[in-house]
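Reviewing the structure listed below.
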Amino acid sequence: MPEITLTTLQSLKLKGEKIAMLTCYDATFAQAACQAGVEILLVGDSLGMVLQGHDSTLPVTNAEMAYHVASVKRGNEGALILADLPFMACATLEQTFANSAQLMQAGAHMVKVEGAAWLAESIRLLAERGVPVCAHMGLTPQTVNVLGGYKVQGRNEAQARQMRADAIALEQAGAAMILLECVPSELAAEITQAVKVPVIGIGAGSAVDGQVLVLHDMLGLSLTGRVPKFVKNFMVGQPDIQSALSAYVTAVKEVSFPGTEHGFNA
Ligand code: KIV
């Protein structure tokens, strides 16, 4: 696979070709995902739940993130590696810089921060210092205790207006990508039209620039047995994991995933 850069992703958005992203935590899956054509490997702090067995992402440390980024880097064959800054890693600007540096030096090409307009200053300073940033908006699992659970965000008009304004503010601050989690499909489509940077969705409908799923979810593996509505099990009908990964990429590119049944209304 040719090396995927921010320029590649930007041109995919302009061409209207959907971007395939998957979470990835180790070298073997990094190689398999690349061979299936996945363009972005997200080393997500979801690893706290699917690898470590916690009931939230809050216990994950930056050092653990760096360990998995380095593992993914060893198996990567040209994808862009996006790494999550975990819970409280951005509590101060000094911590934001130090934790981002640790992830970039471990092999990340870009970091992801969860939040909204309050992150504008951090995003601007990181971008100025050579760290591309993806802003994760909508359902932000690190603030599950404030949100009162894993709930769809932006369902009423005031929240939707705020999210549109925040997305534009974060793009203006220098965010190079936006990720929308559990947002009504129509609102996600509006945000995608309103910004120039690629918008990746999970539970955000099909009118965004690309899709992401948690690797274990799309392989039909679940510790708790609770499967979110936006998940599709790509192992169904496939002989092996490599074929399931390829089926995911094909479905994203052909826009046969997500279907309306995987999305949310306002
Ligand atoms: O941590 C993660 O895997 C994520 C995805 C759910 C988008 O942020």
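Observations on the model:
- Taken over the alpha carbons of the range 57-152 as equal point scatterers, the Debye sum produces base-10 log I(q)/I(0) values at 0.14, 0.16, 0.22 Å⁻¹ of -0.50, -0.65, -1.14.
- Cα-Cα P(r), the range 111-224, percent of pairs per 5 Å interval: 2, 13, 22, 24, 20, 12, 6, 2, 0
- Most mobile listed residue (ALA135, ALA79, ALA158) in the chain, GNM with C-alpha springs under 10 Å: ALA158
- Whole-angstrom gap from the range 159-201 to the range 204-254, using each part's C-alpha centre: 23 Å
- Farthest toward positive dipole pole in the range 54-138 [+1 Lys/Arg, -1 Asp/Glu at C-beta], among SER71, PRO86, VAL113: SER71
- Between HIS109, HIS68, HIS216, the GNM of the chain built on Cα springs shorter than 10 angstrom shows HIS216 fluctuating the most.
- Rounded to the nearest 20 debye, the dipole size of the range 74-154 about its Cα centre is 100 debye, using +1 on the Cβ of Lys and Arg and -1 on the Cβ of Asp and Glu.
- At most 10 other Cβ within 10 Å, DSSP loop - trypsin sites (Lys or Arg not before Pro), the range 206-242: ARG226
- Cα gyration tensor category, rounded, prolate or oblate, for the range 42-83 with a/c compared to 1.5: prolate
- Summed residue charge, Cβ within 11 Å of MET65's Cβ, Lys/Arg positive, Asp/Glu negative: -2
- The chain - accessible surface per residue (Å², probe 1.4 Å): 42 Å²
- In loop segments of the range 151-186 as defined by DSSP, there are no GluC sites (Glu not before Pro) with at most 16 further C-beta atoms inside 10 Å of their C-beta.
- Point-to-point label distance, ASN233-ARG161, nm (Cα→Cβ direction, 7 Å offset): 4.4 nm
- Choice from ALA247, ALA83, ALA91 with maximal GNM fluctuation in the chain (Cα, 10 Å cutoff): ALA91
- Shape analysis of the range 186-251 based on the Cα gyration tensor places the equivalent ellipsoid semi-axes at 26, 14, 8 Å, largest first.
- Members of LYS112/LYS151; LYS73/LYS229; LYS229/LYS253; LYS15/LYS196; LYS151/LYS253; LYS151/LYS232 lying beyond 24 Å, as alpha-carbon distances in this model show: LYS73/LYS229; LYS151/LYS253
- Local electrostatic count, LYS13, Cβ distance below 12 Å [Lys/Arg +1, Asp/Glu -1]: 0
- One way to sum up the overall shape of the chain is the equivalent ellipsoid from its Cα gyration tensor, whose semi-axes run 24, 22, 19 Å, largest first.
- Protein-only accessible surface order, largest first, of ASP240, ASP45 at 1.4 Å: ASP240, ASP45
- Relative protection proxy for 46-53, 1-8, from highest mean packing down: 46-53, 1-8 (other beta-carbon atoms within 10 angstrom).
- For the range 1-94, the alpha-carbon radius of gyration amounts to 1.15 times the rule-of-thumb value 2.2 N^0.38 Å expected for a compact globular protein.
- For the range 79-168, applying the loop criterion from DSSP together with a ceiling of 14 other beta carbons within 10 Å to the trypsin sites (Lys or Arg not before Pro) yields ARG129, LYS151.
The values are calculated or read from the model by the stated rules, or taken from the named source; none is laboratory data. Since the structure is predicted, the reported quantities are computational estimates derived from the model, not experimental observations. Note that we place each Cβ from the backbone using ideal geometry, even for glycine, and neighbour counts take in every protein chain shown. Remember, those area values only see protein heavy atoms, side chains included, never the ligands or the DNA or RNA. Shrake-Rupley method; radii C 1.70, N 1.55, O 1.52, S 1.80 Å.
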